[in-house]
2 protein chains.
Amino acid sequence: MSGFERNLNIELVAKKAKVSTATVSRTMNGLGNVRPETAKRVWDAVRALQYHPNASARSLGSGRSRILGLIISDICNPFFPDLVKSFEDAALACGYEILLTNTNYDPDRMARCAQRMLERRVEGVAVMTSEMDQRMMEELANRSIPVVCLDSGVVENRISNIRVQYPHGIAEAIQYLYDLGHRRIGFLSGPANLGSARVRRSAFLKGLRKHHIAIEPELIQEGNHKIEGGEAAAHKLLAVSRPPTAILASNDLTAIGALRAIQQRGLRVPDDISLVGFDDIELSQLTGPPLTTIQLSRTEVGQKAFHALLTLLQGKSQRGEEYPVQTHLVVRQSTGHARSL
Amino acid sequence: MSGFERNLNIELVAKKAKVSTATVSRTMNGLGNVRPETAKRVWDAVRALQYHPNASARSLGSGRSRILGLIISDICNPFFPDLVKSFEDAALACGYEILLTNTNYDPDRMARCAQRMLERRVEGVAVMTSEMDQRMMEELANRSIPVVCLDSGVVENRISNIRVQYPHGIAEAIQYLYDLGHRRIGFLSGPANLGSARVRRSAFLKGLRKHHIAIEPELIQEGNHKIEGGEAAAHKLLAVSRPPTAILASNDLTAIGALRAIQQRGLRVPDDISLVGFDDIELSQLTGPPLTTIQLSRTEVGQKAFHALLTLLQGKSQRGEEYPVQTHLVVRQSTGHARSL
DNA sequence: TTGTAAGCGTTATCAG
DNA sequence: CTGATAACGCTTACAA
């Protein structure tokens, strides 16, 4: 039952099934041009020996790795698990393996990620982070590897882009706050060096202008997209001479930090101040009070990223495309009427 | 600057550096037996061509994949990201690549995970989930692949185990509740078919016995380690004729569900009822009130899992070992004195 | 220190 | 429908 030959390979299977290695290969790859009887003998041998073809040899022989790269910032950031899962499930369903790498927000590490992708000869890469650098893009392009980015803005040959429609959700949020009587609205931005954070910020500014609300620099504070950063930034925001009656945060973690800061100062949400997050991570339903936030479906991003890649991979057209993903306001309990002064 | 030959390989590099392919290989692998001058020529060529060795060919040629498998249940379960990250960081630092797979709590999918591992010829596997099945273990054993499990209990040749010391933390929690005057302590278990859930449950029972507290079946309800399950189970627990004054949950998600149920019933935590979670996921600091919980360091689990594998991989000894990971109570604000009746 | 050449386990082409 | 056999790109004795 156990007791095993040194190296189980296609030849042993062929021998056992009394066919050539070519026939084993054809059978296992379902190429169809094998007589059913023969195929059965092959499969019996495969099962009996518990044979699993060597993926490296397969890649080398066929010239196809059947691997897709997925680059994210940090799996511990609650934004990513859903995205990873949906991308992976879609890819697996199409017979692709995933090479998942984390940049940890570090350009050096991003370079290593890219290198690992190249060494494994991935057939396409989804870059769901903004640490992407130019040199890496070139190396991928030189090798004709399709890429899909998140919010990069560029669409070229073999480069597609998932474009999150920030303005829509943010406009909804500002309109909602405006209707509740809020006129002084603060913003807790993400780190200035982060592309998506900049886009969120400018969508916010545009929203204010639409309502003819003057933009006051002191009402915009920079966080780091983490709880601590949001907490610190919110403290600054609350310390100004005329603090805002409502705060919009660049992501939910920032909002949660703000929630903490607000409560530390003895203020209540939403009675004293309204708070709106961004992303709608699981966590935002669980805070006290549950967070009003702008939803961005990570599942949708992951699925679209995969399909964008698949299209580039199978497509006759090399042209990249833009895939929009909508955002919209989800009202929960962290927002309410502006307190009359 | 761009414009690229069809297939960049070691031979092109050798040609450019005016050496043999063997020398390129030796240089890039840092085997040391290359004259510095020669090495420089090689590296120059590598850089100039932007050469990245083909990992598949490498595996095939050397007979070593340099890949470690990591099997988890579900990356969206907040228990796992920390574990994955610490395992991965440790592995990367030692030059190993990771093949991460999710079982989604599904035995069929677990089988596919195992198959993918086998095809990729991973050098070791960390099975951090309990869907592990016997057949898979045998296939791995047949191929002499080291395995490290989480809470499996078995330690054999080439099989190590990370043993979480549940009893310690649970005893601490019960002692703590006991000192606060609690005598009726309920338990929200995990799914009965989950190994680690069963271990947690029996550690709880043992803790009760130590304090001579009678075990009442109606004070033990089964959840599913998710929020909804905890919520439903807690409702059952609160509906009995003499409800408990304190509840211990099998994991934090369950406790969070319980928190919800308690509040839905107009009760307050900890004034009316005390609540203790398990795991100490990030989230447990963010609930209202912050959750008293039993900490289990996922980072430690991930690191120990990797080192267990490394030991098995490098070790002269084939013998598996047991690696304990301690748990301990973290008191926050969801626990207080038992309400006098 | 360097080069030559035989694998490694597949796939794919080409005959039969 | 099936079988030989030449790639695929690297590593690693073995020779020089």
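The values are calculated or read from the model by the stated rules, or taken from the named source; none is laboratory data. Because the structure is predicted, anything quoted here is derived from the model rather than measured. Backbone-built Cβ (ideal geometry, glycine too); neighbour counts: all protein chains shown.
Here are the numbers for this structure:
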| item | result |
| --- | --- |
| Residue tally, condition touching a Lys or Arg at 6+ places or on another chain (Cβ under 8 Å), part of a helix (DSSP H, G or I) and either in the same structural domain as residue A:95 (by TED's automatic domain parsing) or under 21 Å from residue B:111 (Cα atoms) (or both), over region A:8-55 | 4 |
| Qualifying residue in region A:153-171 (condition: closer than 25 Å to residue A:251 by Cα, under 19 Å from the mean Cα position of the chain (by Cα) and within 11 Å of chain B (Cβ to nearest Cβ)) | no |
| All positions within region B:80-97 that are outside any helix (DSSP H, G or I) and either crowded, with 21+ Cβ neighbours inside 10 Å or within 16 Å of DNA strand D (Cβ to nearest atom) (or both) | B:95, B:96, B:97 |
| Hey, residue B:118 in contact (Cβ under 8 Å) with a residue 60 or more places away in the chain, over 30 Å from residue A:138 (Cα atoms) and of a type outside the set (Phe, Trp, Tyr) or not | no |
| Criterion violated by residue B:197 - all others in (1) away from every other protein chain (no Cβ under 14 Å); (2) of a type in the set (A, V, I, L, M); (3) farther than 30 Å from residue B:238 by Cα; (4) in contact with a Ser or Thr (Cβ under 9 Å, 6 or more places away or on another chain) satisfied | (3) |
| Answer residue from region B:112-122, given it is part of a loop (DSSP other than H, G, I, E, B) and in contact with a strand residue (DSSP E or B) (Cβ under 7 Å, 6 or more places away or on another chain) and is farthest from the other protein chains (Cβ to nearest Cβ) among those | B:122 |
| Failed condition for residue A:100, given (1) assigned to a loop (DSSP other than H, G, I, E, B); (2) more than 16 Å from DNA strand C (Cβ to nearest atom) | (1) |
| Qualifying strands (runs of 3 or more DSSP E) (wholly inside region B:168-278; at least 1 residues being closer than 17 Å to residue B:329 by Cβ) | B:185-189, B:246-249 |
| Residue B:141, sole failed condition from (1) within 23 Å of residue A:85 (Cα to Cα); (2) facing chain A (nearest Cβ under 9 Å); (3) in a helix (DSSP H, G or I) | (1) |
| Subset of region B:2-30 [more than 10 Å from DNA strand D (Cβ to nearest atom), surrounded by fewer than 17 Cβ atoms within 10 Å (Cβ to Cβ) and more than 14 Å from chain A (Cβ to nearest Cβ)] | B:15, B:18, B:30 |
| Criterion (within 14 Å of chain A (Cβ to nearest Cβ), surrounded by 24 or more Cβ atoms within 10 Å (Cβ to Cβ) and outside any helix (DSSP H, G or I)) met by exactly one of B:125, B:148 | B:125 |
| Given (1) out of contact with any Gly (no Cβ under 9 Å at 6 or more places or on another chain); (2) under 20 Å from residue B:165 (Cβ atoms), number of the condition residue B:315 does not satisfy | (2) |
| Which listed residue is closer than 22 Å to residue A:84 by Cβ and of a type outside the set (S, T, N, Q), from A:296, A:267 | A:296 |
| Qualifying residue in region B:270-285 (condition: closer than 30 Å to residue B:93 by Cα, surrounded by fewer than 19 Cβ atoms within 10 Å (Cβ to Cβ) and outside the structural domain of residue B:140 (by TED's automatic domain parsing)) | yes |
| Residue match in region B:144-163 (condition: modelled with pLDDT of 95 or more and touching a Lys or Arg at 6+ places or on another chain (Cβ under 6 Å)) | yes |
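The rows are residues; the columns are (1) at positive phi; (2) away from every other protein chain (no Cβ under 14 Å); (3) away from DNA strand C (no atom under 16 Å from the Cβ).
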{"position": "B:32", "(1), (2), (3)": "yes, yes, no"}
{"position": "B:36", "(1), (2), (3)": "no, yes, no"}
{"position": "B:59", "(1), (2), (3)": "no, no, no"}
{"position": "B:62", "(1), (2), (3)": "no, no, no"}
{"position": "B:81", "(1), (2), (3)": "no, no, yes"}
